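Before any comments, here is the structure.
The values are calculated or read from the model by the stated rules, or taken from the named source; none is laboratory data. Values in this document were obtained by computation on a predicted structure and should not be read as measured data. Ideal geometry is used to build each Cβ from the backbone, glycine not excepted, and the neighbour counts take in all protein chains shown. Note: accessible area is taken over every heavy atom of the protein model, side chains too, but ligands, DNA and RNA are not part of it. Shrake-Rupley method; radii C 1.70, N 1.55, O 1.52, S 1.80 Å.
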Amino acid sequence: AYIRLVRGLTDLEEELAVKLRLERVVIIPGDSQADAAVQRELGRAAAGVLSQYLGDNMTIAVSGGSTMATLADAVQFSAPGTTVVPARGGLGEQVEYQANTIAARIAGKLGGRYRLLHIPDGLSEEALEAILASDGNVRAVADMIKRAHILVHGIGQAAQMAARRGLPAETIREITARGAVGEALGQYCTITGDVVYVTNSVGLRLADLTGIGRVIAVAGGSSKAAAIVAVTGAGGQDILITDEAAARAIQGII
Ligand code: F6P
């Protein structure tokens with residue numbers, strides 16, 4: 001245990017990259033769930049990693065959530081050729097945390113462009129198909145999302161995200177009963193990476209990620225450890241930006 005304590009975060013980054021089968025893991029010191037300054041730091045780290053991978057005229061897809069909002073806060077470089085799109089439409093977040101809002105804010109910081117998806121939450125598969133078939137703008141944005149060069153997204157705890165989105169109590173129970181512990185892009189995953197429930201929407205699903213150039217997940221706090229293991233286990237992830245609290249808790253799981 002002592003050796004673990006004195007070992008640097010760099011070793012932990014390498015260990016988790018191997019165990020989670022990721023190209024790269026970035027760990028910042030501290031606990032972003034307990035300390036707002038650490039959460040801002042997580043956003044800064046994510047903005048820094050984004051700037052490293054961002055080339056000219058790229059399309060970036062972004063998810064919503066409070067962590068992604070801190071990334072938007074932290075972007076301090078310009079990339080005028082960039083187009084930012086929401087990774088998915090309408091997942092039931094409050095306005096500040098919606099992917100559309102985050103996409104527009106990041107585009108504003110970069111001096112780039114954005115394209116948004118205006119789709120209500122919780123539509124049936126048929127209704128979504130009908131919108132895609134009849135609305136050329138939605139179709140064009142959906143195509144851009146699926147061909148994004150970079151996706152940056154948050155990860156949340158399954159039950160918490162289901163509740164935050166206002167899903168009915170019965171559905172939340174069902175999601176939990178199916179063993180979901182993590183959620184990303186509207187997909188609820190078990191600790192072994194099986195997707196057991198999906199919120200209908202236009203845009204990316206975990207299964208589509210092979211078409212995306214680089215997939216970057218940003219999530220911190222020890223309570224998200226299982227969620228991070230679940231979502232990375234579902235596959236398609238390349239880079240994880242997290243904090244020490246989550247990283248140490250992940251180490252205890254895998
Ligand atoms: O709803 C968008 C989303 O990215 C979810 O997929 C994810 O679970 C959640 O936000 C993370 O939110 P937060 O960063 O606030 O924990």
Original post:
Just the accessible area for residue 19, please: 1.4 Å probe, Å², rounded to the nearest 10?
Top reply: 90
Subject >> Under the span-like rule (Cα at least 18 Å along the axis, Kyte-Doolittle mean at least -0.5), DSSP H helices of the chain >> reply: 36-53
Subject >> DSSP beta bridges in the chain [antiparallel fraction, %, rounded to 5] >> reply: 30
Original post:
At a probe radius of 1.4 Å, what is the per-residue accessible area of residue 44, in Å² to the nearest 10?
Top reply: 120
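So what's the net charge close to residue 120: Lys and Arg +1, Asp and Glu -1, counting the other residues with Cβ under 15 Å from its Cβ? Working shown, then result.
Working: positive: 88, 165; negative: 93, 121, 125, 126, 129, 135.
Residues close to residue 120 contribute a combined charge of -4.
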Subject >> Accessible surface ranking that places the most exposed of 71, 123 first, with a 1.4 angstrom probe >> reply: 123, 71
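On a 1.4 Å probe surface of the protein chains, which of 42, 167 comes out largest in accessible area, and what is the full order?
Numbers: 42 0, 167 35 Å².
Largest accessible area first, the list is 167, 42.
Would you list 68, 58 from the most to the least accessible area, probe 1.4 Å?
Values: 68 0, 58 40 Å².
Of 68, 58, the descending order of accessible area is 58, 68.
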Original post:
How much solvent-accessible surface does residue 27 expose, in Å² to the nearest 10, with a 1.4 Å probe and all protein chains in place?
Top reply: 10
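I'd like to check one number: the per residue accessible area of the chain, probe 1.4 Å, reported in Å² as a whole number. Don't skip to the answer; put the middle values down first.
Details: 10950 Å² over 254 residues.
I get 43 Å² per residue for this part.
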Subject >> Under 10 Å, Cβ to Cβ, from residue 212 - net charge with Lys/Arg +1 and Asp/Glu -1 >> reply: +1
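What is the sum of charges, Lys and Arg at +1 and Asp and Glu at -1, for the other residues whose Cβ falls under 15 Å from the Cβ of residue 37? The partial results should precede the final answer.
Values: positive: 40, 44; negative: 31, 35, 41, 73, 243, 244.
So the environment of residue 37 carries a net charge of -4.
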**OP:** Please work out the Cα center distance from segment 188-254 to segment 111-131, rounded to the nearest Å.
**Re:** 23
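GluC sites (Glu not before Pro) within segment 1-99: which are DSSP loop residues with at most 12 other Cβ atoms inside 10 Å? Write out the running numbers ahead of the final one.
Numbers: sites: 13, 14, 15, 23, 41, 93, 96; in loops: 23, 93.
The qualifying sites are 23.
Just check segment 126-171 against the gyration tensor rule for me: Cα atoms, a ≥ b ≥ c as the square roots of the eigenvalues, rounded for a/c under 1.5, and otherwise prolate or oblate depending on whether a/b exceeds b/c. Please report the intermediate quantities before stating the final value.
Numbers: a/c = 4.48, a/b = 1.46, b/c = 3.07.
Oblate, because a/c is 1.5 or more while a/b does not exceed b/c.
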Subject >> Accessible surface of segment 24-84, 1.4 Å probe, proportion on carbon and sulfur as whole % >> reply: 45
